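The values are calculated or read from the model by the stated rules, or taken from the named source; none is laboratory data. Bear in mind the structure is a predicted one, so any value in this text is a computation, not a measurement. Reconstructed Cβ throughout: ideal geometry from the backbone, glycine too, with neighbour counts over all protein chains shown.
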Amino acid sequence: MHSELPKIEACFSPSEFHQYEKGFELIVVIDVLRATSAICAAIENGVKGIIPVDSVEDARAYLKKGYLAAAEREGQIVEGFPMGNSPISFLNPKLQGETIVLTTTNGTKAIKIAENKETVVIGSLNNLQSLTEWLIRQERNTLILASGWKDKFNLEDTICAGAIIDGVLESRKFASKEDSSVAAKFIYRSAKENIFSYLKASSHRRRLRKLNLNADVNFCLTPNNLTAIPILKDGILVPLQEVENTVET
Ligand code: 3SL
């Protein structure tokens, strides 16, 4: 009976995407620390759009053409760029109405891998509730793509994937069959009372702590402090309402 329900599954790394993607046209890309949290913050703040690009060279080319461009590698702002990947910096009111080009170590790479799918939306712990409610309404096969770290599994994206899966499955309108999804759900359940301390030992949190980015980490690990759902439209991440309003008219 479950086979008739739409599926919600987790893929732990961009390197495994090809093994999971068949049959999924709705992809949720997550990179909790920090790319997708930053993108959600930007769109909630009123940034007009984010153009994700793969390489620093591509971002630099946009910069030369006069675009506002942000670039992060190894957790740091790339030399020559005015911004990196800090979600707090994307909350600056001066960015409202701007279109920003963005490249990051893992997050934008994952978005680019998924970009040919029908629907690509951006998830984080920050927009967990609004995203989960929206996914339930779609009733479509949904694949959550974790950005991981350089193609490796990471804990924070897995917890977020598990939180989305747990919430969506509660609706009883979906089913999961992959072990990755079951593992994500159980890891989330064991972490949910204190995600912050659960992640204390995680590799990326250690990396960001060394860079003095604790305020960013606090922001990224706070569930439901945002409601925006960024969606990819013609290669640009825009607010979901922009696409839904176009469909309705
Ligand atoms: O990998 C990414 O896309 C980044 O979010 C990494 S960092 O948090 O800026 O270090």
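Structure summary
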{"quantity": "Qualifying residue in region 130-137 (condition: within 22 Å of Val238 (Cβ to Cβ), crowded, with 20+ Cβ neighbours inside 10 Å and among the aliphatic types (A, V, I, L, M))", "calculated": "yes"}
{"quantity": "Exclusive hit being within 15 Å of the ligand (Cβ to nearest atom), in a helix (DSSP H, G or I) and not aliphatic (A, V, I, L, M), set Ser86, Ser37", "calculated": "Ser37"}
{"quantity": "Residue identified as in a helix (DSSP H, G or I), in contact (Cβ under 8 Å) with a residue 24 or more places away in the chain and in contact with a Ser or Thr (Cβ under 8 Å, 6 or more places away or on another chain) among Ala10, Ala59", "calculated": "Ala59"}
{"quantity": "Enumerated strands (runs of 3 or more DSSP E) restricted to region 99-204, each holding at least 3 residues that are under 13 Å from the mean Cα position of the chain (by Cα), within 28 Å of Gly46 (Cα to Cα) and in contact (Cβ under 8 Å) with a residue 12 or more places away in the chain", "calculated": "119-123, 142-146"}
{"quantity": "Meets criteria (away from the ligand (no atom under 16 Å from the Cβ), part of a strand (DSSP E or B) and modelled with pLDDT of 95 or more) for Ala71", "calculated": "no"}
{"quantity": "Qualifying residue in region 171-189 (condition: surrounded by fewer than 19 Cβ atoms within 10 Å (Cβ to Cβ), touching a Phe, Trp or Tyr at 6+ places or on another chain (Cβ under 7 Å) and closer than 23 Å to Leu208 by Cα)", "calculated": "no"}
{"quantity": "Condition broken by Phe174, with the remaining ones in (1) under 25 Å from Ile77 (Cα atoms); (2) in contact with an Asp or Glu (Cβ under 9 Å, 6 or more places away or on another chain); (3) modelled with pLDDT of 95 or more satisfied", "calculated": "(1)"}
{"quantity": "Any hit, region 94-107, residues being under 27 Å from Asp166 (Cβ atoms) and either away from the ligand (no atom under 13 Å from the Cβ) or in contact with a Gly (Cβ under 9 Å, 6 or more places away or on another chain) (or both)", "calculated": "yes"}
{"quantity": "Test result for Ile77, at pLDDT 95 or above and within 17 Å of Ala228 (Cα to Cα)", "calculated": "no"}
{"quantity": "Some residue of region 157-171 being within 15 Å of the ligand (Cβ to nearest atom) and at pLDDT below 95", "calculated": "no"}
{"quantity": "Any chance Val238 is within 16 Å of the ligand (Cβ to nearest atom) and surrounded by 18 or more Cβ atoms within 10 Å (Cβ to Cβ)", "calculated": "no"}
{"quantity": "Positions within region 172-195 being touching a Leu at 6+ places or on another chain (Cβ under 6 Å) and either within 16 Å of the ligand (Cβ to nearest atom) or among the aliphatic types (A, V, I, L, M) (or both), in sequence order", "calculated": "Ala175, Ile195"}
{"quantity": "Residue that is surrounded by the most Cβ atoms within 10 Å (Cβ to Cβ), among those in region 1-51 that are closer than 15 Å to Thr119 by Cα and within 15 Å of the chain's Cα centre (by Cα)", "calculated": "Val29"}
{"quantity": "So Tyr67, is it surrounded by fewer than 24 Cβ atoms within 10 Å (Cβ to Cβ), more than 18 Å from Ile231 (Cβ to Cβ), in contact (Cβ under 8 Å) with a residue 60 or more places away in the chain and not β-branched (Val, Ile, Thr)", "calculated": "no"}
